[in-house]
């Protein structure tokens, strides 16, 4: 931890980068896959400094004033970092967009933020945006990382990057409280809001994270969550920069399994959906009764081992089985994750207790955390020596927590946003006059840890008055390997129903509704009697970020899905009413 750069030393985000170049010029900063040469390549911190200086020289030709907004819509890559660092050094405000966002959403964010420049990645992206070209400001410049051809109105960055006069970028911003970025939250309902985060907000959050989850210069991150998301940006980009660690950029989610084998990361940041997919594949491989029993025993003994190491359980004779079970079962999981994984951080949404216990039991140092974009984003996280996978851990240093009305978790810290861009009403509702951030999540505080118990708004109220948390039920149901995605519905209705997308392994197979309901019932038998699924509708097409039905962190947009399948939902309830009349 001796090489960690403090917020006081960095002062601002581009100051952090320049200090890292000064301290670690020859160390590998980023690893990326180069398609033309079909090989993985490294860039040192000094390499990055020289390249960012060239990007900054190109940006200077636009004559943008400090505080003006520039947007980026690209996959994770060194170029993403180059653009942001060049812009921040000039005092510009960066607006990240999900690399495959819907054109209408892109047009809204660009217009609402008043962005003067948009950096895209490819011709394919431009062709998508052409549909909304009439909605874009006529003064908006568009650059592309890859050459889109002479017939395209987008400027190729490669032709704009002249020789820079410096070996590393200038830092023309000095006030840590100045606005660094507008992060538009892709909420499950309503138009996205632009979260205003300062340099200090992000610097503090990254440094506070390092106080509880130590990262070292020889650590190697594999980055695959979008950099447009606050979790990846702070924890997967600025935190390793602060600690002097290296980051490799995965090629894609479909190739993640291969990249894990190649890169062999020591640190991984993910969302629950990725762990759910890994768990589903593990379950598919347990074809014999013997394998299922061995797996179950490995998780059971591994969990005992974990509790013993945490000081929560006494030594048990079953622990003598661990070396054998580790060789037969647990080590195979760790090998699939590259074989060197030291820390796996999970955030963005709740991880089910079953999955948490499974992965921890099999030897993964899985640390679940909690936060939101409006808090830069991390509020709490478990620690290796103080880990309760059912909780989201203790608060970070300097984070104050309390429980407000309706059991809502309130947080106050140096990471709380400056407000929502051009939306004072929403700002005042979310952050009160005393600086408390109203998270919208229900929670309890116990033994210094945070336990998220539900979402205030995401509650289904049946017409009988009974209340149900759909997220809890969806998490339980989606643990079944046959289901890829689940949405529980029933607000204002006489009973609960479910929309389900089947997993690839059973795609094309016909299941009777009776069989599906039986499978669901097995997963939710611990829920109250009124919280049972009585009808189920199979949805043929998966919900994706691209079709606007998932957020970039893979959470379902409840209202959008219900609108898209309104006819099927009405038919579900009408058929039942007809059969009962």
Tell me the residue from 47, 104 that is at pLDDT below 95 and out of contact with any strand residue (DSSP E or B) (no Cβ under 6 Å at 6 or more places or on another chain), please. 104
Looking at residue 95, is it crowded, with 20+ Cβ neighbours inside 10 Å, modelled with pLDDT under 95 and touching a helix residue (DSSP H, G or I) at 6+ places or on another chain (Cβ under 8 Å)? no
From the options 119, 110, residue that is in contact (Cβ under 8 Å) with a residue 12 or more places away in the chain, farther than 18 Å from residue 251 by Cα, in the same structural domain as residue 61 (by TED's automatic domain parsing) and part of a strand (DSSP E or B): 119
Name the one entry in 360, 301, 329 that is more than 27 Å from the chain's Cα centre (by Cα), on the phi < 0 side of the Ramachandran plot and modelled with pLDDT of 95 or more. 301
2 or more residues under 26 Å from residue 195 (Cβ atoms): qualifying strands (runs of 3 or more DSSP E) within region 393-501: 400-403, 408-412, 437-446, 449-455
Please go through region 367-388 and pick out each residue that is over 15 Å from residue 213 (Cβ atoms), touching a helix residue (DSSP H, G or I) at 6+ places or on another chain (Cβ under 7 Å) and surrounded by 24 or more Cβ atoms within 10 Å (Cβ to Cβ). 374, 376
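So that you can scan it fast, the table gives a plain yes or no per residue for (1) assigned by TED's automatic domain parsing to the domain that holds residue 479; (2) touching a strand residue (DSSP E or B) at 6+ places or on another chain (Cβ under 8 Å); (3) surrounded by 13 or more Cβ atoms within 10 Å (Cβ to Cβ):
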position	(1), (2), (3)
270	no, yes, yes
274	no, no, yes
278	no, no, yes
288	no, no, no
295	no, no, yes
302	no, no, yes
305	no, no, yes
Residue 209: in contact with a strand residue (DSSP E or B) (Cβ under 7 Å, 6 or more places away or on another chain) and either farther than 23 Å from residue 385 by Cα or modelled with pLDDT of 95 or more (or both), yes or no? yes
Within region 191-198, is even one residue crowded, with 22+ Cβ neighbours inside 10 Å, closer than 26 Å to residue 246 by Cα and not assigned by TED's automatic domain parsing to the domain that holds residue 62? yes
Residues that are modelled with pLDDT under 90 and in a helix (DSSP H, G or I): does region 548-558 have at least one? yes
Hey, among 66, 25, which residue is surrounded by fewer than 17 Cβ atoms within 10 Å (Cβ to Cβ) and touching a helix residue (DSSP H, G or I) at 6+ places or on another chain (Cβ under 8 Å)? 25
Collect the residues in region 161-187 that are touching a strand residue (DSSP E or B) at 6+ places or on another chain (Cβ under 7 Å) and in a loop (DSSP other than H, G, I, E, B), keeping them in residue-number order. 176, 177, 178, 185
Would you please name the residue that is nearest to residue 103 (Cα to Cα), looking only at residues in region 132-160 that are out of contact with any strand residue (DSSP E or B) (no Cβ under 7 Å at 6 or more places or on another chain) and outside any loop (DSSP other than H, G, I, E, B)? 132
Residue under evaluation residue 472, criteria (1) outside the structural domain of residue 518 (by TED's automatic domain parsing); (2) out of contact with any helix residue (DSSP H, G or I) (no Cβ under 8 Å at 6 or more places or on another chain), criterion not met: (1)
Evaluation of residue 544 against (1) within 29 Å of the chain's Cα centre (by Cα); (2) part of a loop (DSSP other than H, G, I, E, B); (3) surrounded by fewer than 17 Cβ atoms within 10 Å (Cβ to Cβ); (4) in contact (Cβ under 8 Å) with a residue 24 or more places away in the chain (one fails), failing number: (4)
Would you check if residue 445 is buried (at least 17 other Cβ atoms within 10 Å of the Cβ), closer than 21 Å to residue 213 by Cβ and more than 22 Å from the chain's Cα centre (by Cα)? no
Before we move on, is residue 131 within 29 Å of the chain's Cα centre (by Cα), in contact (Cβ under 8 Å) with a residue 12 or more places away in the chain and surrounded by fewer than 17 Cβ atoms within 10 Å (Cβ to Cβ)? yes
All but one of (1) within 19 Å of residue 387 (Cα to Cα); (2) within 22 Å of the chain's Cα centre (by Cα) hold for residue 314, so report the exception by its number. (2)
Please pick out the residue among 440, 363, 419 that is touching a helix residue (DSSP H, G or I) at 6+ places or on another chain (Cβ under 6 Å) and closer than 30 Å to residue 280 by Cβ. 363
So which residues in region 6-49 are assigned to a loop (DSSP other than H, G, I, E, B) and under 21 Å from residue 248 (Cβ atoms)? 24, 25, 26, 27, 35, 36, 37, 38
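The values are calculated or read from the model by the stated rules, or taken from the named source; none is laboratory data. Bear in mind the structure is a predicted one, so any value in this text is a computation, not a measurement. Virtual Cβ from ideal backbone geometry, glycine too; neighbours counted across all protein chains shown.
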